[in-house]
Amino acid sequence: MDKFVIEGGRHLYGSVRAASAKNAVLPIFAASVLTEEPVTIREVPAISDALCMAQILRELGADVRFHDGDVTIDSADAHSHAISCALTKELRSSVFMLGSLLTRFHRARIAYPGGCDIGLRPIDLHLNALKRLGVDIAERDGYILCSCDKLRGAEILLDFPSVGATENILLASVKAEGKTVLQGAAKEPEIVDLQNFLNAMGAKVAGAGTDAITIEGVRKLHGTVYLPQKDRIEAGTFLIAGAICGGEVEVCGVRAENISSLLHKLRENGCKIHVKNDKIKLESFGRLKCNRRIETMPFPGFPTDLQAQATALNCTCDGGALVVENLFETRFKYVPELQKMGADVEVKGRNAFVRGVPKLHGASVVAGDLRGGAALVLAALGAEGRSEVLDLSHIDRGYSDLQSKLKNLGAEIKRVRV
Ligand code: EPZ
């Protein structure tokens, strides 16, 4: 197991290019089994969630090869519709394989993904939508067994704009008989990427990015080469690092409108933000002000995946902030670790009350989930003295080579084997 050793207090200066978006790459991997022709996904980040998804595809019989940062997936020989319990538990995103496997094999079996570190994460919206498309679903011994004689287009209304359920519906309806109209869809930019990938394979999907998506079923999909969009959450994480540490940080490759809610909050803190094409530059000098209120919402609202990082920022701003986590039940588990560094945060259910303190101090802290772990790294970068962030396995799920990117910005951080 590795840890980060961080000497805090360094200002950050420089530019960093975001990797391809984890939350675009994962559903695109799932979509690769919709064709028996090879697909190549460009610039796939070296993150463990992508490696795990590759393992899932190999378990199904696909050939998955990583080469020079790209991944070529050839699922011509894929023969299985069942994903092992271990791999499903390892990766929540395996749930979108349901849609792909049903389209490919008219059958699918996955272990119930279950809850994890940030909440219960039920999949009722996924399953109800699949039933609308003609799928029979049984749940037995912790497994979900899906089957259909054919997938039929349908009118589907999501009670909540679930990202995963929206993606599963696209994957299950692209080759269904007839037309599917999805209302109440999630509008995240990663869904637009999935639509673009599917259409590059010959699908007929329209409306992604809005709450109404139509899918005309087609008979066949073909291979393609595709470059996913860059990771807006990774970019936001680096911008918040710049805000916490002070200095000038530029992130490249991400469209400002895809993180406009974060940019609005950073300006509220007192940071200067300059946008030019796909470059977003943040300047942070002097003491910042707390964001009185941050409320996570589905896109285009404030992203839940940046909640922990923004909370860490507010810990050393002037005044107080209320952070409301509306998407997941228990996404404040990182707070006790921030408190070890001197943060003044009180959590009550879905609310965290932050009171700004002059400085945090270094401490030994444990990363318990992906974004909470990233928040601890950012807090340590701004703290006085030395910190250690233990258990990097969670951070490795969504950030590739985090320490090198931070070091290139001037941070004093190293990764050591424990
Ligand atoms: C995706 O998760 C992302 N993961 C998450 O990113 C992200 O936080 C989330 O969307 C919200 O933006 C990937 O794309 C791989 P949801 P997903 O379905 O699809 C409830 C990260 O850190 N819900 O939009 O699981 C659910 O409990 C990860 O990169 C149901 O009730 O999110 C939650 O409260 C974490 N029933 C809310 O909806 C369902 O059937 C949002 O979930 C499905 C979801």
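The values are calculated or read from the model by the stated rules, or taken from the named source; none is laboratory data. Just so you know, these numbers come straight off a predicted model, no measurement behind them. Cβ atoms come from the backbone with ideal geometry, glycine included; neighbour counts cover every protein chain shown. Note: areas computed on protein heavy atoms with side chains; ligands, DNA, RNA excluded. Shrake-Rupley method; radii C 1.70, N 1.55, O 1.52, S 1.80 Å.
Residues of segment 376-393 that are open to solvent by less than 10 Å² (accessible area, probe 1.4 Å) and part of a loop (DSSP other than H, G, I, E, B): ALA383, LEU392. The number of residues in segment 20-58 that are touching a Pro at 6+ places or on another chain (Cβ under 8 Å) and more than 13 Å from VAL71 (Cα to Cα) comes to 3.
Selection over segment 284-322 of residues that are part of a strand (DSSP E or B) and either within 20 Å of the chain's Cα centre (by Cα) or touching a residue at least 40 places away in the same chain (Cβ under 8 Å) (or both) gives a count of 5. What about CYS271, is it hydrophobic (A, V, I, L, M, F, W, C), under 28 Å from VAL357 (Cα atoms) and either at pLDDT 95 or above or outside the structural domain of ASP193 (by TED's automatic domain parsing) (or both)? Considered against the rule, which asks whether it is hydrophobic (A, V, I, L, M, F, W, C), under 28 Å from VAL357 (Cα atoms) and either at pLDDT 95 or above or outside the structural domain of ASP193 (by TED's automatic domain parsing) (or both), CYS271 comes out as yes.
In the condition set (1) in contact with a Pro (Cβ under 6 Å, 6 or more places away or on another chain); (2) crowded, with 23+ Cβ neighbours inside 10 Å, PRO161 is compliant with all but (2).
Being farther than 16 Å from LEU194 by Cα, of a type in the set (Gly, Ala, Ser) and outside the structural domain of VAL249 (by TED's automatic domain parsing): is that true of SER32 here? No: the conditions fail for SER32. Scanning segment 356-401 for residues being touching a Leu at 6+ places or on another chain (Cβ under 9 Å), away from the ligand (no atom under 16 Å from the Cβ) and within 20 Å of ASN269 (Cα to Cα) gives a total of 7.
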